[in-house]
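A short write-up of the structure that comes next.
The values are calculated or read from the model by the stated rules, or taken from the named source; none is laboratory data. Worth saying up front: this structure is predicted, and the values here are computed from it rather than measured. Here Cβ is always computed from backbone atoms with ideal geometry, including for glycine, and neighbour counts include all displayed protein chains. Keep in mind that these areas ignore ligands, DNA and RNA; they rest on the heavy atoms of the full protein, side chains included. Shrake-Rupley method; radii C 1.70, N 1.55, O 1.52, S 1.80 Å.
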Amino acid sequence: MQGAGVMRRNYPISVRTGQFRRLTLRCIAVSLAGVLFHVIPAQSDPLPIAALAARPAVSQVALSPDGRYLSLIKSVQGRAGVIVIDRRDEAVKPAVVLSEPKDFHLRWCHFATNTRLLCSLGGITEDRGVVYGVTRLVAVDVNGANMLVLLQDSPMVQGQYLDRVLQWHTGIADTVLIEADEGFDAHSSHGGMVGVIGNVGTHGEPAVFELNVRTGHLKMRQAARSPIRHWLTDHTGAVRLGYSVSGTVEAYYARLAGESDMKRIERWEAFSRDKTFTPLAFSATDPNEVYASAAHGSHEALWRYDLAGRHDPELVFASPRHDVADYDFDRDGSLLGVTIEGEKPTFYPVASDLDHVLEAANRLMPDVFNTVEAVDESHHVWVIRSRSDKTLPLFHVLDLDTKKLTAVNSMPAELPASSMSAMKPIQYPARDGTQIPGYLSVPPGASPKGLPLVVMPHGGPIARDEWGYFFLTQFLTSRGYAVLQMNFRGSGGYGDDWFQAAHQDWGGLTYDDVTDGAHWAISQGLADPARVCIVGWSFGGYLAFAGAQRNPDLYRCAASIAGIGDLGMLYDDGYHWMDAKIMQRQIGNDREKLKRDSPREHAADFKVPVLFFQGDMDTQVASHQGDAMDKALVLGDWNRFPARREASRRAGKLRGIGISNYIE
């Protein structure tokens with residue numbers, strides 16, 4: 001959720017640190033230059049690695065409900081801090097109110113009141129050999145006073161995630177609603193749970209608490225209820241919906257307005273086609289209606305559902321070719337608009353005043369994708385977020401009273417848009433004739449003929465590449481390489497049929513779609529067949545390993561960043577997690593197929609150089625994946641590039657958050 005009053009629902013995104021990015025870029029530069037020789041002349045002054053790999057100068061902007069204060073998560077030399085700007089008094093110098101402590105990074109900030117900020121910090125820790133993420137919540141006044149770390153030392157709550165705010169506007173002064181595991185002291189029946197990793201009190205089945213953001217005082221509003229893993233409140237703060245997981249069975253429970261009992265309203269097997277709808281937010285006008293994501297044809301659309309069964313679902317918005325990717329709701333639950341991530345993103349406003357706001361923003365800032373980051377209570381002050389394939393996210397404040405558009409940040413001088421490559425939407429035919437959507441980026445000013453090519457499949461796999469700025473693409477194109485990205489079958493965003501076509505078949509149809517893209521680029525004359533490399537991150541790293549193993553005739557080299565080399569090992573790693581059976585169902589339990597599709601099991605087939613990276617504290621791909629691949633490949637005549645990110649193994653307690661930590 002972003003800004004004041006705007007709640008955004010979309011796919012989760014994995015984030016890697018800037019330190020890992022810089023290391024990765026430098027090592028990839030050495031690897032590719034050594035293998036894809038005779039690279040075309042790059043720009044006379046190529047984009048500097050340090051600027052490309054740096055964290056964005058401004059990564060998030062929030063707005064106080066009254067529109068007076070802006071908060072910015074601002075980064076300087078790799079360290080981030082929170083800056084508050086008083087829009088109504090220019091004599092007040094912007095204040096640094098919070099900084100990143102050691103082992104934590106700022107994730108988001110949001111105004112709980114007109115003068116009180118809540119900020120989330122994330123970290124990584126290790127317990128008995130298992131690496132996992134944690135989040136913590138900090139409150140601070142707009143002048144930097146009365147800083148308070150919330151929840152983590154309270155006997156009432158426990159758990160990995162202590163920043164899950166459900167409702168910002170409860171009608172109770174200085175109070176928000178949060179969900180967190182009940183502490184071991186809350187009910188004696190939970191006190192015997194030993195051996196649970198992650199400091200999880202009620203085993204990931206949270207309760208809902210009223211949290212006073214000034215004092216830290218907690219009051220339970222809804223006790224934990226097995227097997228519910230997540231709660232949803234209506235705009236009054238009443239706890240009305242619960243999402244549950246039991247093995248591979250998922251379900252929703254609902255409490256109708258004015259009733260006390262919760263009834264199951266939907267039940268389905270994970271990754272099946274039985275799921276009918278996903279509740280997103282309660283309606284602002286009817287206490288028993290929810291906005292929900294559900295199928296319309298073969299794609300996800302936005303609907304209104306009546307939980308009381310008084311009338312049939314009502315279609316709100318649908319796209320014939322793509323899933324609805326994002327939904328923006330105002331603080332009262334009213335719908336602002338939806339986003340479709342097609343070849344390029346498009347925002348469709350629903351609120352009438354937003355239509356005029358975006359029309360003005362698009363007129364003043366053409367050739368970029370503009371959407372709402374935050375809005376004040378009066379809808380007179382809007383924060384606009386702009387993105388394109390050539391720029392980092394840019395933020396502007398549009399004040400309808402003063403009729404002024406004010407820039408919050410700008411592109412670094414070292415990264416002029418004129419030196420960036422465009423991300424061109426393309427399609428190519430797979431071997432069965434299916435058209436695979438993707439993007440092609442070529443060096444600025446270069447003719448798309450006979451270029452050295454980097455094939456770069458995305459991670460996930462239930463994710464997708466989107467039109468926008470990506471540091472690694474710009475780095476590669478500025479050094480003379482073309483980059484091909486594709487949304488292979490199994491990707492998200494293209495409907496259930498697209499996903500199901502490659503379900504449990506990571507090494508089959510998905511890999512074929514990627515390989516067909518490389519062959520297409522060669523057949524079109526875009527790529528020099530003697531200079532093609534495959535590079536990927538996470539699941540994309542798995543495909544990079546597979547490319548080096550299976551198609552040494554096609555790929556001259558491979559670079560796998562936090563990639564998976566052994567699917568059986570990944571399957572077994574799932575036993576550490578509460579949703580192990582769901583994760584394992586995603587991969588598939590055919591052990592022979594997992595072995596057949598695991599590059600590590602076929603080390604003798606590798607005939608081209610392989611560069612790979614593995615973070616010691618990766619929460620998604622365990623470090624022993626890298627160790628196993630290194631051991632397998634070193635058995636042959638291979639060079640090893642040791643590039644391991646070092647990180648603290650103890651980020652559980654949040655300490656030292658004073659502004660002195662911020663680099664000014």
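How much length is gained if the chain between L400 and A580 is pulled fully straight, taking 0.36 nm per residue apart and subtracting their Cα-Cα distance, in nm to one decimal?
On the way: separation 180, 0.36 × 180 = 64.80 nm, distance 5.02 nm.
That pair, L400 and A580, stretches by 59.8 nm at full extension.
Where a ≥ b ≥ c are the square roots of the eigenvalues of the C-alpha gyration tensor, would you call region 264-309 rounded, which needs a/c under 1.5, or, failing that, prolate if a/b is larger than b/c, or oblate?
oblate
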Please name whichever of A413, T346, A361 sits farthest to the positive end of the charge dipole of region 330-430, dipole taken about the Cα centre and charges placed at Cβ: Lys and Arg +1, Asp and Glu -1. A413
Given H placed 1.01 Å from N in the peptide plane, which residues other than close sequence neighbours of R556 have an amide H under 5 Å from its amide H? V532, C533
Put +1 on the Cβ of each Lys and Arg and -1 on the Cβ of each Asp and Glu in the chain; which of A308, L567, G588 then has its Cα farthest toward the positive end of the dipole? L567
Probe 1.4 Å, accessible area per residue of the chain, Å²: 41 Å²
Semi-axes of the equivalent ellipsoid of region 505-597: what are they in whole Å, largest first, if each equals the square root of 5 times a C-alpha gyration tensor eigenvalue? 29, 12, 10
Test of the criteria: in region 393-448, which trypsin sites (Lys or Arg not before Pro) are in a DSSP loop and have at most 13 other Cβ atoms within 10 angstrom of their Cβ? K403, R431
Protein chains only, probe 1.4 Å: how do S75, S298 rank by accessible area, largest first? S298, S75
Alpha carbon centre of region 333-380 versus region 132-146: separation in Å? 29 Å
Taking all protein chains in place and a 1.4 Å probe, what share, in percent, of the accessible surface of the chain do carbon and sulfur account for? 51 percent
Which Cα, out of G237, V532, A139, lies furthest along the positive dipole direction of the chain (beta carbon charges, K/R +1, D/E -1)? V532
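Would you work out if region 40-129 is rounded, prolate or oblate? Take a ≥ b ≥ c from the square roots of the eigenvalues of the alpha-carbon gyration tensor; rounded if a/c is under 1.5, else prolate when a/b is larger than b/c, oblate otherwise.
Oblate, since a/c reaches 1.5 and b/c is not below a/b.
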Under 9 Å, Cβ to Cβ, from F282 - net charge with Lys/Arg +1 and Asp/Glu -1: -2
Work out Dmax and Rg for region 220-350 from the C-alpha atoms and quote the Rg first, both in angstrom. 15.2, 46
Please list, ordered by chain and number, the residues whose modelled amide H lies under 5 Å from the amide H of I436; skip anything fewer than 5 residues away on the same chain. Y428, A430
In µm²/s, what is D for region 361-402 at 20 °C and 1.002 mPa s, where D = kT/(6 pi eta Rh) by Stokes-Einstein and Rh is the Kirkwood radius from Cα pairs? 200 µm²/s
Label region 324-401 by shape, choosing from rounded, prolate and oblate, from the square roots a ≥ b ≥ c of the eigenvalues of the Cα gyration tensor; if a/c is under 1.5 it is rounded, and otherwise prolate applies when a/b is larger than b/c, oblate when it is not. oblate
Test item: Cα-centred dipole of region 46-109, Lys/Arg +1 and Asp/Glu -1 on Cβ, debye: 120 debye
Can you work out ³J(HN,Hα) from phi for every residue in region 281-288, in order, using Karplus 6.51 cos²θ - 1.76 cosθ + 1.60 and θ = phi - 60°, giving whole Hz and x for Gly and Pro? 6, 6, 5, 7, 10, 9, x, 10
Take the alpha-carbon centre of region 547-612, take the same for region 390-461, and report the distance between them in whole Å. 29 Å
Over 47 Å [Cα-Cα, the chain], rounded percent: 14 percent
Can you give the direction-averaged projected area of the convex hull of the alpha-carbon atoms in region 82-170, in nm²? 7.1 nm²
With every protein chain in place, the accessible area of D399 for a 1.4 Å probe, in Å² rounded to the nearest 10, comes to 20 Å²
What is the spread of the Cα atoms of region 584-628 along each of their three principal axes, largest first, in whole Å? 30, 29, 13
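What trypsin sites (Lys or Arg not before Pro) in region 235-290 are in a loop by DSSP, with at most 12 other Cβ atoms within 10 Å of the Cβ? Write down the numbers at each step before the final one.
Working: sites: R240, R255, K263, R264, R267, R273, K275; in loops: R255, R273, K275.
When the trypsin sites (Lys or Arg not before Pro) of region 235-290 are filtered for loop state and at most 12 Cβ neighbours within 10 Å, R273 remain.
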Mean residue ellipticity at 222 nm from the helices of the chain, using -39,500 (n - 2.57) per DSSP H segment of n ≥ 4 over the full residue count, to the nearest 500 deg cm²/dmol? -4500 deg cm²/dmol
Do any of K219/K263; K93/K403; K102/K219; K593/K631; K344/K607; K275/K595 go past 29 Å between their Cα atoms, and which? K102/K219; K344/K607; K275/K595
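Tell me the net charge near K581. Cut-off is 14 Å between Cβ atoms, K581 excluded, with +1 for each Lys or Arg and -1 for each Asp or Glu.
For residues surrounding K581, the net value is -3.
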Identify the residues of region 319-337 with backbone N under 20 Å of a label point that sits 7 angstrom from the Cα of Q435 along the Cα-to-Cβ direction, or state none. 319-324
How far apart, in nm, are two points set 7 Å out from the Cα along the Cα-to-Cβ line at R88 and at A173? 1.9 nm
Normalised by the number of residues in the chain, what is the relative contact order in percent for Cα pairs under 8 Å and 6+ residues apart? 13 percent
The summed charge of the P412 Cβ neighbourhood (under 14 Å; Lys/Arg +1, Asp/Glu -1) stands at +2
In debye, nearest 20, what is the charge dipole magnitude of the chain about its Cα centre with +1 on Lys and Arg Cβ and -1 on Asp and Glu Cβ, if you could check? 1540 debye
Please compute the Kirkwood hydrodynamic radius of region 401-449 from all pairs of different C-alpha atoms, in Å with one decimal. 14.7 Å
What do you reckon, how do H380, H217, H299 stack up by accessible area (1.4 Å probe), largest on top? H217, H380, H299
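Please go through region 44-118 and write out the trypsin sites (Lys or Arg not before Pro) that DSSP classes as loop and that have at most 12 other C-beta atoms within 10 Å.
R88, K102
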